[in-house]
1. Go through (1) touching a helix residue (DSSP H, G or I) at 6+ places or on another chain (Cβ under 8 Å); (2) within 26 Å of residue 167 (Cβ to Cβ); (3) at pLDDT below 90 for residue 73 and report which single condition fails.
2. Test each condition in (1) more than 19 Å from residue 136 (Cα to Cα); (2) surrounded by 13 or more Cβ atoms within 10 Å (Cβ to Cβ); (3) modelled with pLDDT under 85 for residue 116 and report the one that comes out false.
3. When you scan segment 143-182, how many residues do you find that are modelled with pLDDT under 90, touching a Ser or Thr at 6+ places or on another chain (Cβ under 6 Å) and under 20 Å from residue 89 (Cα atoms)?
4. If I filter segment 121-142 down to residues being among the aromatic types (Phe, Trp, Tyr) and under 15 Å from residue 95 (Cα atoms), which single residue comes out as modelled with the lowest pLDDT?
5. With respect to residue 185, is the statement that it is closer than 19 Å to residue 90 by Cβ, among the basic types (Lys, Arg) and at pLDDT below 90 true?
6. Scan segment 66-91 for residues that are closer than 24 Å to residue 151 by Cα and free of Cβ contacts under 8 Å to residues at least 24 places away in the same chain and jot them down.
7. Suppose we filter 133, 93 for residues that are of a type in the set (S, T, N, Q), out of contact with any Ser or Thr (no Cβ under 8 Å at 6 or more places or on another chain), loosely packed, with under 12 Cβ neighbours inside 10 Å and within 20 Å of residue 181 (Cβ to Cβ); which single one remains?
Amino acid sequence: MQEVEIPQTAVQGLKIAQRTIKPPTQNQTQTLASAPTPLQPPKGKLLKKILIIAIALIFIAGLAIFGFYWSNIQNIKERDTKRKSDFVIIQKSLEIYKQDTLNDQYYPTALTLTTLLKPGYVSKIPTDPNNISPFLYTYQGTPAGCVIDCTGYTLTACLENKNDKGENTIDPVAPCTTRSYIISK
């Protein structure tokens, strides 16, 4: 093997380079390792964004469910109010019917076309807003079993609002399952 002579200026240049380039310290190594890459957001920020989006979606879903529930409650209350106002109409027509009977003392045995509509006591016999069982209006002449000389009556409607504690509202009477609205005369 031959020895190669290295010029003195090259040796001095290497010594200078060794002095100026120092290996990174431990703090510098940690900083370089934890620095985010330009293509990937920091993990903490991504987690915060996901959490904020999840909370927003849960909030919106909660509002939608509450809105549906509130709307349903309002519809139930409107139908129950309609039932009660229908009974006022039926009562008025029954009183007019009674005035036209002998000695102003008898009510019809049933609510039919011939008892209320044809004589003109009411233009239309009101029906329950749902008009499906159990939400039907019932009329019963009294005393029970009267065929012609009914001196009173009982009107019954099933209410949907189980929390209705208003006048003439009682615990359910068959076929009702929530509350019953009963007018007796």
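1. (1)
2. Result: residue 116 passes all but (1).
3. Residues that pass the stated criteria total 1.
4. Filtering segment 121-142 for residues among the aromatic types (Phe, Trp, Tyr) gives 121, 135, 137, 139.
Narrowing the set further to residues that are under 15 Å from residue 95 (Cα atoms) leaves 121, 139.
Working: 121: 85, 139: 90.
Checking each candidate, the answer is 121.
5. Values: closer than 19 Å to residue 90 by Cβ: yes; among the basic types (Lys, Arg): yes; at pLDDT below 90: yes.
Considered against the rule, which asks whether it is closer than 19 Å to residue 90 by Cβ, among the basic types (Lys, Arg) and at pLDDT below 90, residue 185 comes out as yes.
6. Scanning segment 66-91 gives 85, 88.
7. Details: 93 fails: loosely packed, with under 12 Cβ neighbours inside 10 Å.
None of the other options fit; the residue is 133.
The values are calculated or read from the model by the stated rules, or taken from the named source; none is laboratory data. Please read these numbers as outputs of a predicted model, since none were measured by experiment. We place every Cβ from the backbone using ideal geometry, glycine too, and count neighbours over all the protein chains shown.
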